[in-house]
Structures are given as structure tokens and as C-alpha cells.
1. Using alpha carbon centroids, what distance separates region 83-161 and region 378-411, in Å?
2. GLU26 to GLU387: FRET efficiency via 1/(1 + (r/R0)^6), r the Cβ-Cβ distance, R0 30 Å, to the nearest 0.05?
3. How long is the gain from ASN115 to LYS207 if the chain were fully straight, where each residue apart is worth 0.36 nm and the alpha carbon distance is subtracted?
4. What distance in nm separates the simple spin-label points at GLN96 and ASP175, each placed 7 Å from Cα in the Cβ direction?
5. Once R0 is set to 35 Å, what does the formula 1/(1 + (r/R0)^6) return for the Cβ-Cβ distance between LYS372 and CYS134, expressed as a FRET efficiency to the nearest 0.05?
6. Starting from the Cα of LYS92, draw a straight line to each of the lysines and keep only those under 30 Å, dropping any in the same chain fewer than 8 residues away.
7. Hey, got the Cα dimensions of region 3-410 along the principal axes, in Å, largest first?
8. Order these peptides, 317-327, 218-228, by their mean beta-carbon neighbour count within 10 angstrom, highest first.
Amino acid sequence: MFVMFEKEEFKVPVRVWLEGPGVLEESCLEQARHLAKLPFLHKWVCLMPDTHAGMGMPIGGVIAAEDVVIPNAVGVDIGCGMAYTETNIPVKEIRQVMTGNGNLVQAMIGDIMRNVPVGFAHHKMMMPSYTMDCAFEEMDRYEQDAELLGQLEAGYYQIGTLGGGNHFIELQESDDGFLTVMVHSGSRHFGKSVCDYFHFKARELNKRWYSQVPDEYRLAFLPTDSSEGKRYLDWMNLSMDFAKENREKMMLAVKAILEKWIGKYTDFELTFSGDINCHHNYAALENHYDKNVWVHRKGAVRARNGELAVIPGAMGSYSYVVMGKGNPESFFSSSHGAGRRYSRKGAMSAFSCEQVIQDLNTQGVVLGKKNKSDVAEESRFAYKDIETVMKDQTDLVVPVKRLKTIGVVKG
Ligand code: 5GP
Ligand code: MN
Ligand code: MN
């Protein structure tokens, strides 16, 4: 349920799906005020219950813009999102099974680490990518932005790689005891280049037009009927397709690993079902309150009536599959996670590496991470409590499945 927050200098109000704007950190509140002063927003600014400050616009923010796109309101990792699948394997059956590499969960996490490049790593040779193949066939869309063309080729080396920090591959146990898989990743370096390039272009143009949006807001915009705006949308859509294919490729790799180990060490006939692959950083043209608007979801998922989405919590805590309620007040959106409680630095100084590893051990979580020194940045203590976040958005989504981490690969 939201709280409305409005000031005289605002052009539109801000709706916060939290106990109240008073609980927002000042940096996030400041960014919300900037958004509320933009001259081209439809209805209001939405902040989901996982909101926290981002670059220009808060993460967990949703806006509906009339005839403009804002690269920083889509975010740096264009098309970042979640892939999910569930299996017919009871977790308690595989935890007991021993292999030459520990129990089955440990063996599978180790195999994922060996097969999926993580952190800054990418492939040593070009991998197949139908997204990039399509881009090369539609060169006339892209050739004007010569500086980005090199990124298309680089994409063949980046497809099917996880990235670092917040990105993860997780094995989980559903409340009803079955093994499930989540993959969190985006458009890797490719999408970041697109965002940086068009944000810079937008800044230059906004200066030239004496834009009313101050440069320090970091919310430079592009009209969707301008050449730059159209090109941004082409590159953004390409980045979204690339991100989706990236998650798909990793999910296929994980499924093959599960098949190999479960096939070898158990009598189960492994099946997968309920696959989801959804973005949480993107913009799309949608109709809301009788107007076609560019809905920017930056750390938010679409939750139309009956639509399924994935909301991760944190490693060693719970994550959710949810069904949208189609609430128009959030432009059919919900949170994309639990959201940060501590900055990366803050988490590192508040919690020690040993403390986090001890916590994961106590819970029986298998941690697949090469460099453990920065593990606190991504611990469950660094994120808000997912159960509270879910309570704050009962008008937006209903939980379908609750899942607990049993093993996790982090960059
Ligand atoms: P973001 O896309 O903003 O980086 O992160 C999305 C959300 O993923 C975070 O808000 C957090 O709640 C969740 N998250 C981050 N790391 C992990 C993890 O290792 N496992 C799970 N299940 N969730 C995570
Ligand atoms: Mn990302
Ligand atoms: Mn993400």
C-alpha cells in the first residue's frame, strides 16, 4: 500500500510503497524529488518497497514518460533480470547423495563455477548468439553509432557469462521441497556501453536545447521522435534481447549440469517446468490511464494481472515467484528484489567476511565464490528483509512460490 508525498514545487506526486517517505534515506528522497520535477511525466512517480538511491533515478523506481526516454531511468545494466526454472527433484534426496566432489549440491555448484565465466571473465572464443546475428543483419539500424559497433562483436564473447557483484546463479528449495534454479544477470559490458554512450549524447543535446532538467540530476532525456531517441530505443531493445539470451544460455548450461549429476547419481527422471525469464531494467511503450507512455522500470518488474515474475531476496534468505495483480497505480509493476539496506562499502565495514561465511554454513548454503574477501557486500545482512518488502506490496503481487537458497555462485 502506498504513501503519497507531494510538494508545491513538484509537477507530479511521488507514491512510495513503504511505511512512508520518512523511512527513505536522504539520497533516495533527493532523487525522488528530482523525478517529481520532470516536466514530462504522466500521473506520478512510483517507488517500490525495495527502493534505494541509484544513478540519477532510484533503483525500485517506476516512471511513465510522455514521448521521451531517459537512459539513466532504464539503468546501466539494460535488460538485467531473472531467469527461473523448477524441477521434480526433492532436495532432501540429493543433499544426502555423495559424489567424488562432496554431496550433489556441492558437486553441481562446483561444476557451474567451472563452466560459466563469472566476474570480469568472458569466453576465450566467439560463442553463438542469435541476438548479435540479427543485429548484423539489420546493420542500417546501428551503423550510424559507429562508436558502439565494436560492442556487437564483443557480445559474442560475453554471451552466457554472469558478471560480478550482485549477479548470481542459485540452486534453491521451494517450500514444498523441490529443487529450483535462478539466474540473475543482464547485458554485461554491452548494455553498459549503450547506456553510457546515449546518456552522454542526451546530456549534450539537453544542454543545446537549454533543457529545464538540470545536468546534476543525471536524468538527461531523448525525445522518442528524435533520431537519437529512436536509435537509443533500437540499441536498448537489442541490449534487452542480448540480456535475455544471456540468461537463457546460462540456464541451459545449468540444466545440462543438473542432468549430468542427477542422471549419474540418482534414479530420478529429471524434468524442468515453469520457466520464467523477465527483465527488471528497461523501458517499454504501454498504455496507462488512456495514454501511451514510456514506462521506465529501473529495478522493478512488470506485474500485469496474472503475469508471473521473479523477486529474489538475498543469498541465504528467501526469494519469490509472484503473480501480478495488475494494479494500475504502480503502472502494473512491483519490486525486483529486497533492495539494499547497506551500500557495498557500508556492508563491508559492518559485517566481517567470517561472520557471513559462518552464517551461510549454519544454514547449509553452499557458497561458490572464488574471491571471498568481498562476500559481505552481497550477504543477506546487506539487503532489506524480503518478508517486509513482500508485505509492503500485497496490493501489487501475490506470492506463488517461496524459495530458499541451498547453493549459490557469485562473481
Ligand atoms: P539488482 O538487480 O538491483 O542488483 O539486485 C536485485 C535483487 O537481487 C537485490 O535487490 C537483492 O534483493 C537480490 N539479490 C542479490 N544477491 C542475491 C543472491 O545472491 N541471491 C538471491 N536470492 N537474491 C539476491
Ligand atoms: Mn545487473
Ligand atoms: Mn539486476
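Rule-based calculations on the coordinates, nothing more; no lab input. Here the structure is a predicted model, which means the values were calculated and not measured. Glycine gets a Cβ as well: all are built from the backbone with ideal geometry, and neighbour counts include every protein chain shown.
1. 24 Å
2. 0.70
3. Extra length available between ASN115 and LYS207 comes to 28.5 nm.
4. A separation of 2.6 nm, rounded to one decimal place.
5. For LYS372 and CYS134, the calculated efficiency is 0.35.
6. Hits, sequence-local ones excluded: LYS249, LYS255, LYS260, LYS264, LYS369, LYS370, LYS372, LYS384, LYS391, LYS401, LYS404, LYS410.
7. 67, 49, 41
8. Details: 317-327: 20.6, 218-228: 18.8.
The densest-packed peptide leads the list: 317-327, 218-228.
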